[in-house]
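**Student:** Quick one: the structure is below, questions incoming.
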Amino acid sequence: MAITNQKSAIDVMEERHSVRKYKQYEMPQADLDAILQATITAPSSWNLQHWKFLVVQSETQKQKLLPIGYNQQQIVDSSVTIAILGDLEANLNAEKVYGEVVNKGFMPPAVKDTLIGQINAAYTSNQLARDEAVMNSSLAAMQLMLAAKDKDYDSVPMGGFDRSAFIKEFNVPKRYIPVMLISIGKAAVEAHGTLRLPLDEVVTYETF
């Protein structure tokens with residue numbers, strides 16, 4: 001039996017670094033689909049899956065995005081740049097999500113109705129809706145970058161872009177809030193070395 005050197009999840013995490021210089025490389029659709037499929041297994045509050053992904057891969061659309069992204073060259077050099085959008089109306093997913101769970105016999109209808117009532121009540125708060133959209137889509141964003149690395153692609157997250165211009169240029173519905181951009185592709189230059197603070201500076205136990 002052949003022995004394969006299967007990477008662990010921790011290996012992938014440790015190997016992932018932000019890369020800003022990319023080769024010209026056309027990512028096969030099968031790779032992109034596999035990365036996105038892995039991404040949507042990310043956890044989310046109430047399993048509402050508070051995310052939408054806008055994939056920018058054509059040269060025309062990359063050039064539109066470039067000035068919006070403050071001319072960060074990786075936007076046009078990478079294979080794709082994916083905009084991570086948070087869903088401000090994720091509560092509208094509840095009926096579909098929980099309805100299917102009921103249909104499969106995993107939940108009684110009365111429990112579903114109670115949960116959906118609680119969710120809709122919580123979503124009367126605009127602040128909660130925004131916080132949930134950003135938090136949960138960010139979980140998916142990290143999973144996206146790890147999935148990309150597992151498929152031998154590099155990535156870089158970008159929080160610096162003109163969100164208002166992005167919404168206008170790419171016709172983003174009011175339901176969604178732009179959270180970050182992530183460029184993915186084949187590195188032309190390795191990521192530069194970085195420093196991580198030691199655990200004793202970032203971890204405390206039980207209380208401060």
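The values are calculated or read from the model by the stated rules, or taken from the named source; none is laboratory data. The shown structure was predicted, so the numbers you read here are calculated from the model rather than taken from an experiment. So basically every Cβ, Gly included, is an ideal-geometry build from the backbone, and we count neighbours across all protein chains shown.
**Student:** Hey, among SER79, SER44, SER125, which residue is modelled with pLDDT of 95 or more, touching a Gly at 6+ places or on another chain (Cβ under 8 Å) and among the polar types (S, T, N, Q)?
**Tutor:** From the options SER79, SER44, SER125, the qualifying one is SER79.
**Student:** Which residues, counting only those in segment 1-54, are within 22 Å of VAL189 (Cα to Cα), in contact with a strand residue (DSSP E or B) (Cβ under 8 Å, 6 or more places away or on another chain) and in a loop (DSSP other than H, G, I, E, B)?
**Tutor:** Matches in segment 1-54: ARG16, HIS17, VAL19, ARG20, LYS21, LYS23, TYR25, MET27.
**Student:** Here's a follow-up. Scan segment 9-24 for residues that are charged (D, E, K, R), surrounded by 12 or more Cβ atoms within 10 Å (Cβ to Cβ) and over 17 Å from the mean Cα position of the chain (by Cα) and jot them down.
**Tutor:** Within segment 9-24, ASP11, GLU15, ARG20, LYS21, LYS23 meet the criteria.
**Student:** Looking only at residues that are small (Gly, Ala, Ser) and part of a helix (DSSP H, G or I) in segment 68-96, which one is nearest to ASP31 (Cα to Cα)?
**Tutor:** At the first step, the residues of segment 68-96 found to be small (Gly, Ala, Ser) are 69, 78-79, 83, 86, 90, 94.
Remaining after also requiring part of a helix (DSSP H, G or I): 90, 94.
Working: ALA90: 27, ALA94: 30 Å.
Out of the qualifying residues, it is ALA90.
**Student:** Here is a check on your reading of the model: is ALA187 of a type in the set (A, V, I, L, M), surrounded by 15 or more Cβ atoms within 10 Å (Cβ to Cβ) and more than 17 Å from PHE53 (Cβ to Cβ)?
**Tutor:** Numbers: of a type in the set (A, V, I, L, M): yes; surrounded by 15 or more Cβ atoms within 10 Å (Cβ to Cβ): yes; more than 17 Å from PHE53 (Cβ to Cβ): yes.
Yes.
**Student:** Go through segment 64-76 and give me each residue that's of a type outside the set (Phe, Trp, Tyr) and either modelled with pLDDT under 95 or out of contact with any helix residue (DSSP H, G or I) (no Cβ under 7 Å at 6 or more places or on another chain) (or both).
**Tutor:** In the first step, residues of segment 64-76 are kept if they are of a type outside the set (Phe, Trp, Tyr); the result is 64-69, 71-76.
Residues satisfying the conditions are PRO67, ASN71, GLN72, GLN73, GLN74.
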